[in-house]
Amino acid sequence: MADNLAAGRRETPQRFIPVARHAAEDGRRRLALVRLLLSDALTEACEEGEYSATALALLARVAAAVGSEGDEVDVTALRGLEGDVLALAPRIGRRRSIHCHGRIAADRRLLLARAVLDDAKAWGRDGAAWYTLWLAISYAVSDYERDHFVTLGPRVERRVRRLAAWCGAARAALARPPGGPKTLAGPS
């Protein structure tokens, strides 16, 4: 996907569905991905200087509630932020298409914050609810303009490459058990 973006081709956010499904299967993996998305969005906003101060402050509060390490999330703090997030990025009941979300948000980071809040509601449930996680990835990686995803350009390519690096590390962690051998040895 990153190579397609580097070549100037448009991509689709549906390409993030396998990542969302994989991360949703395990609570720790899901939480690690959400933390990566929040951290990456905050870091990029500060580096590039293109952000809404209100959106950035709200996203920082969401990131603080999610935390940066461990398996615990301050769910009470996250629920307390829902009103603030929904005031700036309200949910809609009907979409015109899969790429359209009905309203233009002041900043795509508000939509990321809303998707993280929606995803947090699924953390305690049995079963893998990947859809809200997919939206969080799409809002974090894609640009969002005129109420639809824009998955094109060098900024999106850089975000996709950072996400791909995380995916590679998560996959490598699954390949070998903790404390196990660093290579898989076949029969002699």
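Right, Arg35: in a helix (DSSP H, G or I), in contact with a His (Cβ under 8 Å, 6 or more places away or on another chain) and more than 16 Å from Asp143 (Cα to Cα) or not? No. Here Glu157 meets each of (1) modelled with pLDDT under 70; (2) closer than 21 Å to Pro13 by Cα with one exception, condition (1). Any residue in segment 19-40 that is over 18 Å from Trp166 (Cβ atoms), surrounded by 14 or more Cβ atoms within 10 Å (Cβ to Cβ) and not charged (D, E, K, R)? No, there is no match, as no residue in segment 19-40 is over 18 Å from Trp166 (Cβ atoms), surrounded by 14 or more Cβ atoms within 10 Å (Cβ to Cβ) and not charged (D, E, K, R).
Got a sec? Which of Ala63, Ala77, Ala87 is over 18 Å from the mean Cα position of the chain (by Cα) and within 20 Å of Leu33 (Cβ to Cβ)? Among Ala63, Ala77, Ala87, only Ala77 is over 18 Å from the mean Cα position of the chain (by Cα) and within 20 Å of Leu33 (Cβ to Cβ). Out of the residues in segment 46-73 that are in a loop (DSSP other than H, G, I, E, B) and without any contact (Cβ under 8 Å) to a residue 24 or more places away in the chain, state the one that is nearest to Tyr144 (Cα to Cα). Per the stated criteria, the residue is Glu50.
The values are calculated or read from the model by the stated rules, or taken from the named source; none is laboratory data. Note that the structure is a prediction, hence the values are computed from the model and not measured. Cβ coordinates were reconstructed from backbone atoms using ideal geometry, including for glycine residues, and neighbour counts include every protein chain displayed.
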